[in-house]
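Participant: Input: one structure, supplied below.
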Amino acid sequence: MDFVGSHILSVDQFERGDIDRLFDVADGLAPFAQRERITRVLQGAILSNMFFEPSTRTRVSFGSAFNLLGGDVRETTEVKASALAKGESLHDTARVLSGYSDVIVMRHPEEGSVAEFATASRVPVINAGDGANEHPSQALLDLYTVRRELAARGQGIDGLRIAVVGDLRYGRAVHSLLKLLALFDQVSVHLVSPPGLEAPEDVIAVLEDGGHAVKVYHDLGEGIHHVDILYVTRTQEERFTSPEEADRYRGLFRVNQAIYTENCEPNTVIMHPLPRDSRAQAQELDDDLNANPNLAIFRQTDNGVVVRMALFAMVLDVVDQVNDHARSVTWYTAKRTPPPN
Ligand code: NCD
């Protein structure tokens, strides 16, 4: 695909070569994300960061990524603080905001809302999560993390063995990641969820049509054997029709050090899009894993910045200009790698 000026709405837009290009750009931007160098390549550009659902890392990392390229960020964080609360349509909001910005990042609780918004926008729109549908930038940073973690062992994404655990029905990050994985060769996927929270048929079909091995499990221990990556997710309680319905599932699948030691290969990488639900009744990823060097969750969040920088640089067509606007950092910078868990 041509990234320049494009909306990024779904991973369905990408071919494998697009992913390789994006990741190469992200690798090149690492010194800027790590505060070794700064660039002002997007000086004067404005990002409208519109989050109509809770968010910490996606919102802040998109904003930081834009700032790290020299651009300015304007935030709208709640429906009730925006004119949508007065009955304004997505169309009109898009029409207005695209007059104030060079690019828009948007999260919204309804499936398809970001695509609808994009049809009325005059500037590129990036989907930061639309209901239970998709979360393309999360999937890209997850895949970038998989690539880096496996590269350290001399392995690539082709032939990957991955277990995806938890709420696969409503987890939009999982939907996007599974579809992205289908672009690679010979991936083996274990879909591990409680009955009722299985991955949608259409997502499974993308993998199966690509000739990948997909197995469905309802038992946590069985499902996480023999994998390179263990990707755990939160019960998406905000998508259930009643809190009682979410209560039925919460806490059913908990990964902790004992379960990991008993079932996983010794170097299985542990990932999670975060936030992990650390309340006593949930704990899908126990704090006792924090000392496990294979816990990659904070390497994942760090990778979110470079991957989002790469998306902005490609969509706004400044990849080749980044270094023309760069200089060394002159202030004290804490050492950033490797990040502590
Ligand atoms: C995910 C999301 O919002 O879909 N979070 C994120 O963006 N890192 C996953 C989740 O909320 O469970």
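Participant: Which distance in Å, rounded to a whole number, links the C-alpha centroids of segment 57-72 and segment 87-123?
Facilitator: About 19 Å separates the Cα centre of segment 57-72 from the one of segment 87-123.
Participant: Continuing with this model, one more query. Counting only helical runs of four or more DSSP H residues, what would the 222 nm mean residue ellipticity of the chain come to if each run contributes -39,500 (n - 2.57) and the total is spread over all its residues?
Facilitator: -10500 deg cm²/dmol
Participant: Taking every alpha carbon pair in the chain, what does the distance histogram look like in 10 angstrom bins from 0, in percent?
Facilitator: The percentages, shortest bin first, are 5, 26, 34, 25, 10, 1.
Participant: Additional query: Please state, as a whole number in µm²/s, the translational diffusion coefficient that the Stokes-Einstein equation yields for segment 90-180 at 10 °C and 1.306 mPa s, with Rh defined as the Kirkwood radius across alpha carbon pairs.
Facilitator: 108
Participant: Next question. For segment 101-155, run through the GluC sites (Glu not before Pro) and keep only the ones in DSSP coil with at most 12 other Cβ atoms within 10 Å of their Cβ.
Facilitator: Passing both the DSSP loop test and the Cβ count: no residue.
Participant: Using a probe radius of 1.4 Å on heavy atoms only, what accessible surface per residue do you get for the chain? Whole Å² is fine.
Facilitator: Value returned for the chain: 43 Å² of accessible area per residue.
Participant: Can I ask one more? If I build a Gaussian network model for the chain, linking alpha-carbon pairs within less than 10 angstrom, which residue out of 306, 96, 189 has the largest mean-square fluctuation?
Facilitator: 96
Participant: Right, something else. Residue 255's amide H: which non-local residues (gap 5+, or another chain) put their own amide H closer than 5 Å, with H modeled 1.01 Å from N in plane and none for Pro or chain starts?
Facilitator: The answer is 285, 286.
Participant: While we're looking at this one, here's another question. State the Cα centre-to-centre distance between segment 292-318 and segment 19-39 in whole Å.
Facilitator: Distance between centres, Cα-based: 9 Å.
Participant: Suppose every Lys and Arg Cβ carries +1 and every Asp and Glu Cβ carries -1, with no other charges. What dipole size does the chain come out with about its Cα centre, to the nearest 20 debye?
Facilitator: Using Cβ point charges on Lys, Arg, Asp and Glu, the chain gives about 1220 debye.
Participant: Exactly which trypsin sites (Lys or Arg not before Pro) in segment 277-341 are in a DSSP loop and have at most 14 other Cβ atoms within 10 Å?
Facilitator: 279, 335, 336
Participant: Shifting gears a bit: Taking the chain as a Gaussian network, where each spring joins two C-alpha atoms under 10 Å apart, which residue of 281, 138, 34 fluctuates the most?
Facilitator: For the chain, modelled as a Gaussian network with Cα springs under 10 Å, the answer is 281.
Participant: For a paramagnetic label modelled at 7 Å from the Cα of residue 36 toward its Cβ, which residues of segment 126-152 fall within the zone defined by backbone nitrogen distances under 19 Å?
Facilitator: So the set is 145, 148-149, 151-152.
Participant: Scan around residue 265 for amide H atoms under 5 Å from its own, H built in the peptide plane at 1.01 Å from N, and keep only partners 5 or more places away or cross-chain.
Facilitator: Under 5 Å from the amide H of residue 265 lie the amide H atoms of 226, 227, each far enough along the sequence or on another chain.
Participant: Moving on to the next point. Would you kindly state the longest site-free stretch of the chain, with sites defined as chymotrypsin sites (Phe, Trp or Tyr not before Pro) in a DSSP loop (not H, G, I, E, B) surrounded by at most 13 other Cβ atoms within 10 Å?
Facilitator: It runs 101-330.
Participant: I want to verify a result. In a Gaussian network model of the chain, Cα cutoff 10 Å, which of these has the top mean-square fluctuation: 97, 29, 183?
Facilitator: 97
Participant: With the full set of protein chains in place, find how many percent of the accessible area of the chain is carbon and sulfur; take the probe as 1.4 Å.
Facilitator: Solvent-exposed carbon and sulfur of the chain make up 48 percent of the total.
The values are calculated or read from the model by the stated rules, or taken from the named source; none is laboratory data. Note that the structure is a prediction, hence the values are computed from the model and not measured. Glycine gets a Cβ as well: all are built from the backbone with ideal geometry, and neighbour counts include every protein chain shown. Just so you know, the surface numbers come from the protein's heavy atoms only, side chains and all, with ligands and any DNA or RNA stripped out. Shrake-Rupley method; radii C 1.70, N 1.55, O 1.52, S 1.80 Å.
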